[in-house]
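What follows draws every value from the coordinates through simple rules; no lab data is involved. Quick caveat: nothing in here was measured; it's all calculated off a predicted structure. Quick reminder, even Gly has a Cβ in these numbers, built from the backbone with ideal geometry, and neighbours come from all protein chains shown.
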Amino acid sequence: MNGQRLTSRPSWLPVLDGAVVVLLLLTACVFVFGGFREYLGTMRISVRSADRPLVLAIALLLFRHLLVPSPNITTSLRDSVSRIWSSEARATVLSAFVATRVSVLLVGYLALVTIGIEPGTARFNAAQPTMLEDLLARWDAAWYLSIATQGYRWDGNPLREQNVVFFPLYPSAMRALGLFLGNHWLVAGLLLALTGFLAALTYLYRLAADLLDTTRARTVVWALAAYPFAVYYSAPYTESFYLLGSIGMFFHLRREEWWTAAAWGLFVGLSRPNGFFLALPAGIIVLQHVIAQRRLVWAAGVACVAPVMGVVAYSAFLYLKFGDPLAWMKGQAAWRRVFVGIGPGIEALVLDRFNEIAANGFFHYTATNPYDFLHTMAALLVLASIWPCTRRFGPAYGAYLAINILPPLLMGGMMSIGRMSSVLFPVFLWLGAVVPSRHLAAWIAASAVLQGLVAVLFFTWRPVF
């Protein structure tokens, strides 16, 4: 009987039940933090009382039980939680998520109170921060905070660092959630980053289980969660959104679920400047489908262009607001990201470090350029994995790696490469496929130690970015 009851549920029922739960959570937030008043253009949105979301939740609940009286919402939610909790994915993903995310924040806090920040370090502070917000106020979090609280700024000077280079999805979500959390914007950003990373690990486990097996899928999840530069998944950064959207798009493209893949593609395109790059691997997967099926599904074509549409939408917004649709691209110059040509770029990447080591020795290079060394190791790992990933998983996976690592290397050198490498999930699929199970503990332990080092550097304002 229970099995019949579960299978007879309408497909929209979990969505309605989830909406009721969300409204109840928002009711609690408004009750605790006092609500907010927001303007969208000339339209005012006012949620100053907990009564409104509570009444709406009750109305949805009555409507839901009028349409589907059995199972009731309590039974439905209990069954859903039980199903998730007993799944193999939950056991792997949740343990890796909690162990690494809590450890990163704990290490960051202990580093801050023991090692501390070097005197004279230029940094920003959140307004009236809590202890957690003070810890989270690091590096690029300032830009997302400025967008969430003040909106975009652009004065036309591409040599001045301005927040238009940061894409809108994450800071907009940060703004929306922060309103319900009493304007604790950085806490909202952290919750979004953690939620996105948890969802991304779940998607990664399912994708790895399809491509490999469940045992190696656990290795893949742990390899990513313990990766040294996975520190940024415990900070108000967009890495979680980009990782989630990328894996989600690959997962649904592989299953020929075109519209869901298109939604994730748009999600990525609105998350990061390089989000439109995802159109290339998506196009490869769709082309393979066309060759195999000898027909093109219209929705598959939409999935290919969805990442580009995200960039187009943001560019249109910039045109309407500042009269310059390419302000996000021009602003990259202030971060010294300028294309110098393939030949000169490769020559600088290879010869600069080779000449330094040849002239002064390896230990002198690491002692004088420790951050460059860490980023170089990350870049070499990604570059070394392009061909094995292409051969084992297909050209779309290799193209995803190449298109995400080569342009930033040629435009900005090793700057931020470690952080960028953390979202390149095919690398971890490959590691999960080739690392012997008897060596797994050693690999994870060594990687986690380095993640602790990066956490110390990041939270004490050392320029490891």
Query raised in the report: For region 87-94, what does the Karplus curve 6.51 cos²θ - 1.76 cosθ + 1.60, with θ = phi - 60°, yield as ³J(HN,Hα) per residue in whole Hz, taken in order and with x for Gly and Pro?
Result: 7, 5, 4, 4, 4, 7, 5, 5
**Report entry** Contact order relative to length of region 2-84, as percent, for alpha carbon pairs under 8 angstrom and 6 or more apart
**Finding:** 31 percent
Query raised in the report: So what's the angle, to the nearest 10 degrees on a 0 to 90 scale, between helix 298-322 and the longest Cα principal axis of the chain?
Result: 80 degrees
Query raised in the report: For helix 239-254, what angle does its Cα long axis make with the longest principal axis of the chain, in degrees from 0 to 90 and rounded to 10?
Result: 70 degrees
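For region 191-300, what D do you get in µm² per second when you plug the Kirkwood radius from alpha-carbon pairs into Stokes-Einstein at 20 °C and 1.002 mPa s?
Stokes-Einstein gives a translational diffusion coefficient of 147 µm²/s.
Could you please rank Ser80, Ser46, Ser11, Ser146, placing first whichever residue has the fewest other Cβ atoms within 10 Å of its Cβ?
Ser11, Ser46, Ser80, Ser146
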Query raised in the report: Could you work out the helix-only [θ] at 222 nm for the chain, with each DSSP H run of four or more residues adding -39,500 (n - 2.57) and the total divided by the number of residues, to the nearest 500 deg cm²/dmol?
Result: -23000 deg cm²/dmol
Query raised in the report: For the residues Asp155, Asp372, Asp134, what sequence is obtained by ranking on other C-beta atoms within 10 Å, fewest first?
Result: Asp155, Asp134, Asp372
Query - For region 51-61, 3J(HN,Hα) per residue [Karplus equation, 6.51 cos²θ - 1.76 cosθ + 1.60, θ = phi - 60°, Hz, x = Gly/Pro] - result: 5, 5, x, 5, 4, 5, 4, 5, 4, 5, 5
Report task. Would you kindly work out the equivalent ellipsoid of the chain from its C-alpha gyration tensor and give its semi-axes, the square roots of five times the eigenvalues, largest first in whole Å? Result -> 36, 29, 24
Query raised in the report: How do the peptides 309-319, 426-436 rank, highest first, by the average count of neighbouring beta carbon atoms within 10 Å per residue?
Result: 426-436, 309-319
Query raised in the report: Which trypsin sites (Lys or Arg not before Pro) in region 14-95 pass both tests, a DSSP loop state and at most 11 other beta-carbon atoms within 10 Å?
Result: Arg48
Query - Interatomic Cα distance distribution for region 226-265, bins of 10 angstrom, percent - result: 32, 38, 25, 6
Report summary line: Toy charge model, Lys and Arg Cβ at +1, Asp and Glu Cβ at -1: the chain dipole around Cα centroid in debye, rounded to 20, equals 860 debye
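Could you list Trp222, Trp139 so that the one with the fewest beta carbons within 10 Å of its beta carbon is first and the one with the most is last?
Ordered from fewest to most neighbouring Cβ atoms within 10 Å, Trp222, Trp139 come out as Trp139, Trp222.
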Requested in this report: Grab the other residues whose beta carbon is less than 15 angstrom from that of Leu186, score K and R as +1, D and E as -1, and report the net.
Outcome: 0
Query raised in the report: Using the alpha-carbon atoms, what tilt in degrees (0 to 90, nearest 10) does helix 185-211 show relative to the longest principal axis of the chain?
Result: 90 degrees
Query raised in the report: Counting Lys +1, Arg +1, Asp -1, Glu -1, what net charge surrounds Leu212 among other residues with beta carbon under 11 Å of its beta carbon?
Result: +1
Report summary line: The distance between the Cα centres of region 179-230 and region 118-172, in whole Å, is 23 Å
Query raised in the report: Roughly what % of Cα-Cα distances in region 2-84 sit above 22 Å, to the whole percent?
Result: 39 percent
Query - Binned Cα-Cα distance frequencies in region 112-239 - 10 Å width, integer % - result: 12, 34, 29, 19, 6, 0
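Count the net charge of all other residues whose Cβ sits under 14 Å from the Cβ of Gly452, scoring Lys and Arg as +1 and Asp and Glu as -1.
Details: positive: Arg101, Arg462; negative: none.
Spelling it out: positives minus negatives among the neighbours equals +2.
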